[in-house]
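The values are calculated or read from the model by the stated rules, or taken from the named source; none is laboratory data. As the structure is a computational prediction, the values presented were derived from the model and not from experiment. Because the Cβ atoms are built from the backbone with ideal geometry, glycine has one as well, and the counts that use them run over all protein chains shown. Remember, those area values only see protein heavy atoms, side chains included, never the ligands or the DNA or RNA. Shrake-Rupley method; radii C 1.70, N 1.55, O 1.52, S 1.80 Å.
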Amino acid sequence: MQERTLARRLLTAVLATATGMLAAPAAQAATPSVTAPVGVISGMTQGNADIFLGVPFAAPPMGQGRWQPSTPLASYSAPVRATTARMGCAAPISADVGETVNEDCLYLNIYRPAGVDAHASLPVTVFIHGGGNQTGTPASYDGTEFATRTHSIVVIPTYRLGVFGFLALGGEQGQPQGDLALSDIISALKWTHDNIAAFGGNAMGMSVVGESAGAANICDVLTAPAAHGLVTQAIMQSGFCPGRPTRAVMEAIGTATAQAAGCTGPDPLSCMKRLPVPALLVAWNTVWQQPTVRLKDGTSVSRPLFPVTPSGSTLQPKPVDAAIRAGAVGSVPVLIGFNRDELRTFLAGYYPLSTDRYHALLKQDYSGFAADLQKEYPLTPGQDPVYTLSALRTDQMLICPALRAAAVLNGPTHVAVYEFADRTAPPFRSLAMKLPDAPGFDRGASHTAELLYLFGYKSVAGPLSPVQQALSAQMMDMWATFGRSGTTAPWPAWTPQAPDVTVLALPADGGIRVEHDVATRHHCGFWDRHPAIPNSLFP
């Protein structure tokens, strides 16, 4: 009876928060609250988790703060009631959310097991979302299951995107250098490091996990001098590490963006600061639709695949690969992984694909070695050529670069590698736009497919089956334990001499196992001889 009464009170508290009702004293007592160095923060209890939504970690980058580096907040002027999710940072419409013009966006969400006190010293996982550094929001994820399953704390922060996070406009004092998103991520990590003990977390046991562009951003966290010592282990899911545009390239993109926005005078930044968000989004998108970038000296180079922190910026002064070789990563263990069929979802619009069209696409994008490519990836009789096209581009653009990143990181630190291979994973489903789903198309273990198994990704067509739930539980446990010993244990280490890759699959497909020939299966020897990456996911 007492348990039923407590359950009713907790439910009343949640409903009162959601509807704005005045909660009863008993319900208020059940509200989780912490007193952190930054101030008092209250959240809400849902089931067996305490959740704190929309916790501010840096000042709003608006007005004079637009295109200025962020710093973690040291104190709040009043207690924070963190029960309402905040909008993500300004971004155009994506498959996850509609267009967002919000600049008051530097907040994070915290998930922990219910009832944890400040002395628990739980491990902490900070998840950096993907979206090509152009879109994305913590609202697309839910860290509840990971936190409660692994008895840990999950933190999911925002960061500025696109024109607001990666604009570069020269090296003069106060000019953005393309590293503002990185400043936000570092601010979120510093805020977490300084305040997470109040939530029951261990600031000396922080993992940083990122997917897609979020994984690329983690590579910057590992090598940026300003982020040194903030994390103790790192996991990069479906993203690359070495390879960054120079500041000159990002400045050319910034100049072109200013011109597209109509800011052509001697002080384009002041002009751009006066423009509304939609105009800036349109100008930035116009430039990123172009395949090449024209530099100051008149030469043209291929546009980067998506915006990333450039080499030569304040926060990333050295090229990432040079920083790794110089020991910037230190002793932080790194887990690098990819999905078996990464780019199938991106190429679904090509299905069905005729053989003639397939060969034409190869000649168009791989004119120098299309014939060799056809021998390396022969078409499978009875199978649509789109699957071969997606396999070769998956290998070229994501899997083999990930293995090259493992080779660069190996030596300076401990490295492990995984492949997510549940080809029956719930397929991607757009939450914001009507994307037609080609009847009969098999998305396999495509980009983002692993996220539902870990961080509650919402852009999926359905829930996990019981056998997939079991795989999800195993994966959460494996993610939570990675690198806690200061090595890759209990994961097998990856080295060029012993390229052990942990394959994550359902029991019917071989289960979780270690394979040694993953690089061969993905033709990485071939792509190592042709390492150039196209500036578009689409042929």
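General remarks:
- Given the choices (i) 74, 64, 47; (ii) 85, 72, 57; (iii) 92, 51, 48, Cα extents along the principal axes in Å derived from the coordinates of this structure is entry (i).
- Mean ellipticity per residue at 222 nm, deg cm²/dmol - from DSSP H runs of n ≥ 4 across the chain, formula -39500 (n - 2.57): -9000 deg cm²/dmol
- Distance between modelled label sites at residue 529 and residue 248, nm, 7 Å Cα→Cβ extension: 3.2
- For segment 234-241, backbone phi angles converted through the Karplus equation (6.51, -1.76, 1.60; θ = phi - 60°) give residue-by-residue couplings of 9, 10, 10, 9, 6, x, 9, 10 Hz, Gly and Pro being listed as x.
- In sequence order, segment 184-196 has phi-based couplings of 5, 5, 5, 4, 5, 5, 5, 4, 4, 4, 7, 10, 5 Hz under the Karplus curve 6.51 cos²θ - 1.76 cosθ + 1.60, θ = phi - 60°, and Gly or Pro positions carry x.
- If both residues of a DSSP beta bridge must be in segment 388-539, then about 50% of such bridges are antiparallel.
- For residue 159, the residues whose amide H sits under 5 Å from its own are 89, ignoring neighbours fewer than 5 places away on the same chain, with H placed 1.01 Å from N.
- Taking the accessible area of the chain, probe 1.4 Å, and keeping the other protein chains in place, the carbon and sulfur fraction comes to 56%.
- Of all DSSP beta bridges in the chain, antiparallel share, percent nearest 5: 45
- Normalised by the number of residues in the chain, the average gap of Cα pairs under 8 Å and 6 or more apart makes the relative contact order 13 percent.
- Residues of segment 400-423 with amide N under 12 Å of a point placed 7 Å along Cα→Cβ from residue 500: 415-417
- Charging the Cβ of each Asp and Glu at -1 and of each Lys and Arg at +1, and nothing else, the dipole of the chain about its Cα centre rounds to 660 debye.
- Amide H contacts of residue 83: 53, each under 5 Å away and 5 or more positions distant or on a separate chain (H built 1.01 Å from N in the peptide plane; Pro and chain starts excluded).
- Distant-in-sequence amide contacts of residue 142, defined by a placed amide H-H separation under 5 Å and a gap of 5 or more residues or a different chain, comprise 456, 457.
- Annotation for segment 126-204: trypsin sites (Lys or Arg not before Pro) lying in DSSP loop with at most 16 further Cβ atoms inside 10 Å of their Cβ do not exist.
- Phi-derived couplings, Karplus 6.51 cos²θ - 1.76 cosθ + 1.60 at θ = phi - 60°, listed residue by residue for segment 452-465: 4, 6, 10, 10, x, 4, 8, 8, 10, 7, x, x, 7, 6 Hz, with x used for Gly and Pro.
- Distance from the Cα centroid of segment 182-241 to that of segment 334-367 is 32 Å (rounded to whole angstrom).
- Computed over the alpha-carbon atoms, segment 124-209 gives an Rg to Rh ratio of 1.05, Rh here being the Kirkwood radius from the mean inverse distance.
- Peptides 407-416, 430-439, 386-395 ranked from most to least packed, by the mean per-residue count of other Cβ atoms within 10 Å: 386-395, 407-416, 430-439.
- Here the extension length gained between residue 282 and residue 203 equals 24.4 nm, from 0.36 nm per residue of separation less the Cα-Cα distance.
- Looking at segment 159-307, the DSSP beta bridges with both ends there are about 45 percent antiparallel.
- What the chain shows is 40 Å² of accessible area per residue, with the surface traced by a 1.4 Å probe over protein heavy atoms.
- Of the residues 32, 406, 140, the one whose Cα sits farthest toward the positive end of the charge dipole of the chain, with +1 on the Cβ of Lys and Arg and -1 on the Cβ of Asp and Glu, is 32.
- Efficiency of FRET from Cβ geometry, residue 473 and residue 432, R₀ 41 Å, rounded to 0.05: 0.85
- Packing-based ranking of 518-530, 331-343 yields 331-343, 518-530, ordered from highest to lowest mean Cβ neighbour count within 10 Å.
- Segment residue 512..residue 367, full-extension length gain: 48.3 nm, with 0.36 nm per residue of separation and the alpha-carbon distance subtracted.
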